[in-house]
């Protein structure tokens, strides 16, 4: 049997019975009633409460830590500091990781953990951490990435040298890397241009804003086995990294993921888990750590702040001839911002022959960045699509036509080397132009913006198991997380392949002892990759079902076919046998031959890229600068929507997160380097009444590498959002903003500037 | 952080003695929507929490000859649902309606909003504009004070240890009166005012403004009563010139800080805008009755 990677079995004319419908999620009711068990919902006998002491300083040498008073407090069972963590070389992967979990030589941001206690109650634990005496030598700090690049800026690590530096390569620096990405000859491209637009942009860091704060329980047994229960997007990666920083073999760490109350990339790396393990080891009892919302803001990863310049040129007919970018990405105290995504994705969707991109990753004294939906790309597309819009305006071309003129087609070879199969970018643009939203004139006093976005979509290492019970029903064990409805989609794909109702399938998120390695749930990969693995596993079961029928009927195996959930003789010549259902065969043969199961482990390839177009209308209050988003339409190529309502929810959620990022969300630091708005009151995520209903138009250009044509859908939705809102505001007030977030006070200044320049529309 | 004691006295005297005895370590607890948040954020660490909701009258609304009195701990949703109060003082209700969510308003009260001492409290400016009077009880007996005399700085009030507000009294409304509250927030709700404006005006039969009170929130260490802004309206038909003058007086009265919620310049600029819009709403209401 050929691997699904070679033969997906995609059939564009197939009549699908389950895929494309909207069954109720199997995990839905428990979430509505409150029965679902999230990270904080596990309780073990004798469990202790862990609390973390955090640095109040953005940059300080930790001269000493005295935990004696905390240890003497009745009820305190263990205390850990940097001394309890194995030494890992500074600047190495595990070295950075362990230092971010627990500060070692220095505290590098407000909220950096410096010690932790486990106690019999939260009250005692809170009291205990206040008894820990930390002697700091406060150092000058730097948070702004452009400031951090300047000579004389406070240096976070004396060992950092800029990779790819073109000058002063031996100098101490906060710049980890200078990355150059080129295609063709940008100088020649700009010479060919009739119109050149160059603008500078910046964006503030924002947080993923998941509803569920990180929570975990660790139980370290006397014989060195570790059980961890936690909310995570990456149970296997957690296990492997816990192994790497704590020097415990992988097989002795078992990570069981809980239900996940949102992640958006922010739960791909751990925070409390290693601390809970060490506290548990010292206390000989299970330890639970639940972060508060304040800790989530002060201690976990937001996205990169950026500062960048985009320059693009086009001919009078609209052909983009060249693109240039110079970008700075803020990374927190350690490398790992995933800024390399930006050069590969920022212009990708337009067929531009000459590209020259320079990108810098810069360390600074703020929380270490973590992944967030299309990491490091949306905040750059904010600028790119602003420049694209301005070019279209300058040559007086319709903004969608301009993008269509430059849109990539099937078979395009990208700047990162991949050659695409069938893609849906042009189709999304066409449907955008045909949409009711675009055809409806902009209301008086409002502005409209268009923008587009691309995301790679990923595959990757995936392992899952599909088991047929003796009654013929199906259980599936997966090792990825369910961040947005993947369990129901996986159930549906299995049901479709096996020809059974979806209610006969249940998916369980297994622990790390039960399956082979699964890559993190990220990159819009999960429903695609697990779908591939599960369909492959179902096919293995079908082969076994056919084999058992052949044995029962005493006919050759190729005399048995499987269709519509039934095993039948391939033709009348094979014999007159009554077709058998999966349940029939399982009932008759499980006890004699053993269970029927299929499991597949593979590095899944063939993910099809995703594209989206946004159309946004806004109204900007002339006298306060407040922006209301009045209408929002997303047109996105989803390949094939397995569960259309789930896909629609993903798209709407992405757009709404983007609206928050566009309008108000930002980290605000005081002069002292402390985070000023560590809570949802002053970290202004949108509330329901801040956003209109987001209309979706799902375009289905199938990805033939997947048996049902699926493409990842999770990340594209946020990519064009802030750009679309920015373009709409620009249309409304006459000057296109260049700084995120586009908060009221900034917009009021721009309105006044537009009035002074005589370009205010209103 | 030591153990906290919870008390729910059933008379004003019992509450007063608990509060007086515990002094600064006591916290008056009505809806708890600020107190609980502050405890969780470790901003306060009270030794005793005195829940005043069992004190008789503290959640009652009464009316006598057009003058209303309501208990300081009356939840916002109860005030909003009260037909007489909300039709007589729609501006006070504007402010209450903007506090938190429905769930929060199901507990939060004006007494708590005022005594939390935030310059950005949404219910305080219209209460000041309304000439509302606090009926205060304490170790030295009963006293009254106008709402504008309560907040003395961010988180600080003029109440002495052992004192708490039992109820608020609102004067009888003359004909052609209207009040309104508007605030500026980046979000539509669940937010804290960058600028808030409470307005209360009375017109004569010809539409000339005979009385006005204008109070601003979030633009100074305390909610402000801006007499100059009111003076700009009194004696006018509240025309464009008067409104402009009123706005200028509001901006001039501002003494804000730049913080995470807005810059000083932005607050000064928008105070005039929000006050003007609030006056326009109050004016419309005044003309309707």
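How high is the relative contact order of chain A? Use alpha-carbon pairs under 8 Å, at least six apart in sequence, and give a whole percent.
Values: 1947 pairs, mean separation 119.8, N = 762.
Relative contact order, chain A: 16 percent.
Can you give me the C-alpha center-to-center distance between the stretch A:705-730 and the stretch A:744-762, rounded to a whole angstrom?
The stretch A:705-730 and the stretch A:744-762 have Cα centres separated by 30 Å.
At 7 Å along Cα-to-Cβ for each site, give me the label-to-label distance between residue A:578 and residue A:621 in nm.
Each label point lies 7 Å from its Cα, and together they span 7.4 nm.
For the pair residue A:668 and residue A:24, how long in nm is the line joining their label points, each one 7 Å along Cα→Cβ?
4.4 nm
So if we plug the beta-carbon distance of residue B:11 and residue B:287 into 1/(1 + (r/R0)^6) with R0 = 60 Å, what FRET efficiency do we get, rounded to 0.05? Intermediate values should be presented prior to the final figure.
Details: r = 45 Å, r/R0 = 0.76.
The pair residue B:11/residue B:287 has a calculated efficiency of 0.85.
Please average, across the residues of A:682-688, the number of beta carbons from any other chain that are within 10 Å of each residue's own beta carbon, and give a whole number. Write out the running numbers ahead of the final one.
On the way: counts 5, 1, 8, 2, 4, 6, 3.
Neighbouring Cβ atoms belonging to other protein chains average 4 per residue here.
Hey, for a label at residue A:554 modelled as a point 7 Å past Cα toward Cβ, could you say which residues of the stretch A:578-616 have their backbone N under 18 Å away?
From the stretch A:578-616, the list is A:578.
Would you calculate the separation in nanometres between label points at residue A:169 and residue A:249, each defined as 7 Å from the Cα along the Cα-to-beta-carbon direction?
Output for this residue pair reads 4.3 nm.
Could you let me know the centre-to-centre spacing of the stretch A:97-149 and the stretch B:4-36, using Cα atoms, in angstrom?
The stretch A:97-149 and the stretch B:4-36 have Cα centres spaced 35 Å from each other.
Which whole number gives the average, over all residues in B:261-268, of C-beta atoms from other chains lying within 10 Å of the residue C-beta? All intermediate terms of the calculation are to be shown ahead of the outcome.
Numbers: counts 6, 3, 3, 0, 3, 8, 1, 0.
Mean partner-chain Cβ count within 10 Å for B:261-268: 3.
On C-alpha positions alone, give me the angle between the axis of helix B:264-288 and the longest principal axis of chain B, in degrees, nearest 10.
80 degrees
Mind ranking A:284-291, A:45-52, A:84-91 by how tightly packed they are, going by the mean number of other C-beta atoms within 10 angstrom, highest first? Could you put the intermediate results ahead of the total?
Details: A:284-291: 23.1, A:45-52: 20.8, A:84-91: 14.9.
The packing order, highest mean first, is A:284-291, A:45-52, A:84-91.
Compute the separation of the alpha-carbon centres of the stretch B:162-239 and the stretch A:425-453 and state it in Å as a whole number.
Their Cα centres are 43 Å away from one another.
Which whole number gives the average, over all residues in B:184-195, of C-beta atoms from other chains lying within 10 Å of the residue C-beta? Walk me through the numbers before you get to the answer.
Details: counts 6, 5, 14, 10, 8, 4, 9, 7, 3, 0, 4, 1.
So the per-residue partner count for this stretch is 6.
Based on the alpha-carbon gyration tensor of the stretch B:193-289 and its eigenvalue square roots a ≥ b ≥ c, which shape applies: rounded if a/c is under 1.5, prolate if not and a/b is larger than b/c, or oblate? Write out the running numbers ahead of the final one.
On the way: a/c = 2.41, a/b = 2.21, b/c = 1.09.
Prolate, since a/c reaches 1.5 and a/b exceeds b/c.
Arranged from highest to lowest average of other beta-carbon atoms within 10 Å per residue, in what order do the peptides A:117-126, B:234-243, A:190-199, A:747-756 appear?
On the way: A:117-126: 21.0, B:234-243: 14.7, A:190-199: 16.2, A:747-756: 17.9.
Per-residue mean Cβ counts within 10 Å order the peptides as A:117-126, A:747-756, A:190-199, B:234-243.
For the stretch A:4-125, just say rounded, prolate or oblate: build the C-alpha gyration tensor, square-root its eigenvalues into a ≥ b ≥ c, call rounded for a/c under 1.5, and beyond that prolate if a/b exceeds b/c, oblate if not. Spell out each step's value before the answer.
Working: a/c = 3.61, a/b = 1.83, b/c = 1.98.
Oblate, since a/c reaches 1.5 and b/c is not below a/b.
If R0 is 35 Å, what FRET efficiency do you get for residue B:241 and residue A:394 from their C-beta distance, rounded to 0.05?
Values: r = 43 Å, r/R0 = 1.24.
Computed FRET efficiency for residue B:241 and residue A:394 comes out at 0.20.
Take the Cα coordinates of the stretch B:5-54, assign each an equal point scatterer, and use the Debye formula without solvent to give log10 I(q)/I(0) at q = 0.20, 0.25 Å⁻¹.
Reported log10 I(q)/I(0), two decimals: -0.61, -0.90.
Compute the FRET efficiency between residue A:138 and residue B:172 as 1/(1 + (r/R0)^6), taking r as their Cβ-Cβ distance and R0 = 56 Å, and round to the nearest 0.05. Before the final figure, lay out each step's value.
Numbers: r = 60 Å, r/R0 = 1.07.
About 0.40, to the nearest 0.05.
How far is helix B:240-253 tilted, in degrees, relative to the longest principal axis of the Cα atoms in chain B, given as a value from 0 to 90 rounded to the nearest 10?
40 degrees
Helix B:12-22 versus the longest principal axis of chain B: what is the Cα-based angle in degrees, 0 to 90, to the nearest 10?
70 degrees
Which residues in the stretch A:706-733 place their backbone N less than 17 Å from a point set 7 Å from the Cα of residue A:761 along the Cα-to-Cβ direction?
Zone members listed by number: A:722-733.
Let a ≥ b ≥ c be the square roots of the eigenvalues of the Cα gyration tensor of chain A; is it rounded (a/c under 1.5), or, if not, prolate (a/b larger than b/c) or oblate? Show your work: numbers first, answer last.
On the way: a/c = 1.91, a/b = 1.11, b/c = 1.73.
Because a/c hits 1.5 or more and a/b fails to exceed b/c, chain A counts as oblate.
Read-outs: derived from the displayed coordinates by stated rules, not from any lab. Since the model is a prediction, treat every value here as computed from it, not as a measurement. So basically every Cβ, Gly included, is an ideal-geometry build from the backbone, and we count neighbours across all protein chains shown.
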